[in-house]
Amino acid sequence: MDTSKLFSLEGKTALVTGGSRGIGKMIAEGFLAQGATVYISSRKADVCNAVAEELGPKCFSLPQDVSSVEGCQNLAVTYSEAESTLDILVNNAGAAWGMPFEDFSEHGWDRVMDLNVKSPFFLLQALHKSLAAAGQPDRPAKVINITSIDGLRLNPWDTYSYHASKSALIYLTKRLAARLVGEHINVTSIAPGAFASEMNRAARDHADEVAVSIPSGRIGVAEDMAGAAIYLASRAGDYVVGDTITVDGGIVHAAVGQSIDA
């Protein structure tokens, strides 16, 4: 058994939405380090362009707002003008919204559900032909949805649409995997815990306090996220289909509950 290239992404092309910051940027950097050509997309063109330049000559900027079906289709067209096939799609662009139950708004509900659930589906639909053209029996194309541990367990905040959206995306991952595995397209998801980002400002700004409640005793770092994504995207993860990998330091699967005294 030769494992020297098990995690290599040499010759692969990847598209990472929300790739200009946070978890998306961590994944993009990891893919680039393993030899992939990476296209990053985000709403703000100037930021997307600057980050692509920062990450080096094999990283390219495709600015696009993917919160609508039209935006997803536009991104697919722009990508197809640059590449004829797509080996790896990372659906990372997302949004969160917190508001008390009594005041929770339709805008907050729709914004989160559209970007976190509808967009991954319709972007995959729009890029289906490019992924199918890349997928082979011994080299499947990969779709990695970035979900959340908040789709697996409750957090203490009033983030109703976020909880619903991430739970939905975990099950949508399974359904899409069942539909596409026969075309040599593997769909999986990563459920991150506490990583420093604009979306998770608590982890970003109060890492030591957040770490107290994490069994591993720390928040996640870029290598933790990149490692999981590289595994799923590379030959190492070719036999993983439909699953969600939690990358959370043990919060979901290794945290002991509190006892209630009688």
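Throughout, read-outs are computed from the coordinates displayed, never taken from laboratory work. Bear in mind that the values here come from a model prediction, so they are computed numbers and not experimental data. All Cβ positions, glycine included, derive from the backbone under ideal geometry; neighbour counts span all protein chains shown.
With Rg and Dmax of the Cα atoms in Å as the read-out, I listed (1) 20.3, 65; (2) 19.8, 59; (3) 18.0, 66; which label goes with the value calculated from this structure? Among (1) 20.3, 65; (2) 19.8, 59; (3) 18.0, 66, the one calculated here is (3). Were the residues from Glu83 through Glu53 laid out at 0.36 nm apart, the gain over their Cα-Cα distance would be 8.9 nm.
Remark: for residue pairs Lys25/Lys58; Lys58/Lys129; Lys12/Lys44, the C-alpha separation exceeds 21 Å in Lys58/Lys129; Lys12/Lys44.
One equal scatterer on each Cα of region 105-220, no solvent, Debye formula: the resulting log10 I(q)/I(0) at q = 0.09 Å⁻¹ is -0.31.
Each of the GluC sites (Glu not before Pro) that DSSP puts in a loop and that has at most 14 other Cβ atoms within 10 Å breaks the chain; the longest unbroken stretch is 11-197. State whether region 44-94 is rounded, prolate or oblate according to the following rule on the C-alpha gyration tensor (a ≥ b ≥ c being the square roots of its eigenvalues): a/c under 1.5 gives rounded; otherwise a/b larger than b/c gives prolate, and the remaining case gives oblate. It is oblate, given that a/c is not under 1.5 and a/b is not larger than b/c. Computed extension gain for Glu106 through Lys174, at 0.36 nm per residue and net of the alpha carbon distance, reaches 21.7 nm.
How much of the DSSP beta bridge set in the chain is antiparallel, as a percent to the nearest 5? The antiparallel proportion sits near 5 percent.
Its Cα centre serving as origin, region 103-151 has a Cβ charge dipole (Lys and Arg +1, Asp and Glu -1) of approximately 420 debye.
When the helices of the chain are scored as -39500 (n - 2.57) per DSSP H run of n ≥ 4 and the total is divided over every residue, the value at 222 nm lands at -11500 deg cm²/dmol.
Local charge for Gly19 was computed over the other residues whose Cβ lies under 10 Å away, with Lys and Arg +1 and Asp and Glu -1, and equals +1.
Taking amide H as placed 1.01 Å from N in the peptide plane, the amide H of Val143 sits under 5 Å from that of Leu89, Asn186, Val187, Thr188, each at least 5 places away or on another chain. Taking the Cα centre of the chain as origin and assigning +1 to Lys and Arg Cβ atoms and -1 to Asp and Glu Cβ atoms, the resulting dipole is close to 620 debye.
List the lysines whose alpha-carbon lies under 18 Å from that of Lys166, not counting same-chain residues fewer than 8 positions away? List returned: Lys118, Lys174.
About its Cα centre, the dipole of region 35-170 is roughly 460 debye, where the only charges are +1 on Lys and Arg Cβ and -1 on Asp and Glu Cβ.
Dividing the mean sequence gap of close Cα pairs (under 8 Å, 6+ apart) by how many residues the chain holds gives a relative contact order of 19 percent.
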